[in-house]
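Written out below as C-alpha cells is the structure these notes cover.
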Amino acid sequence: MARPKKHRRISCDPNSYYFKPAGVSLNHLEEIILEGDELEAIRLSDLMNLSQEEAALQMNISRPTFGRIVNKARAKIADGIINGKAIKISDELSSELKEKLQFSCPNCGLKLRIKKRRQLSHCPKCSE
Ligand SMILES: [Zn+2]
C-alpha cells in the first residue's frame, strides 16, 4: 500500500542530508541529528530572515514553540561546527511537534493522536 503523501509544513528539501568534517573517518565522529523542523526553522529565520512570528505562522506552530526549535537547531549546528561533529538531517519531526499532532474530525468530533504530521484523508470512525 502506498504511503499517503505527507502534508507537513516543512517545505525545504535540502540538497544534502549529511555533513561531516573533511578527513575524519565516520567511525570516529560523533553524530548530531538535526530534525526536519529544526532545519526548516533555521531556513525561515536565518536564510529568509523572517521574524519569529512570521516563521511560526509558516510552520503552523506557536511563536514560543518556534523559538525553542530554532534555538535548539542553532545550538546543534554550533556544536557540530565548533566541536567537529557530523550533522545528519532527519526527515522525522521532533518529539515536541509529534506530541502536538492531533487529528480531529469536523463531522463526528473524533480526536486521534497521529504519529506524523500528515492529514488523514478521511475520518476512521465516520469516513467523512
Ligand atoms: Zn468523523
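Every number here is computed from the coordinates shown, using simple stated rules; none is lab data. Since the structure is predicted, the reported quantities are computational estimates derived from the model, not experimental observations. So basically every Cβ, Gly included, is an ideal-geometry build from the backbone, and we count neighbours across all protein chains shown.
Once R0 is set to 22 Å, what does the formula 1/(1 + (r/R0)^6) return for the Cβ-Cβ distance between Lys20 and Arg68, expressed as a FRET efficiency to the nearest 0.05? The computed FRET efficiency comes out at 0.25. Between amide H atoms placed 1.01 Å from N, distances below 5 Å from Glu35 occur with Ser90, all of them 5 or more places distant or on a separate chain.
Of the residues Met48, Met59, the one with the fewest other Cβ atoms within 10 Å heads the list, and the complete ranking is Met48, Met59.
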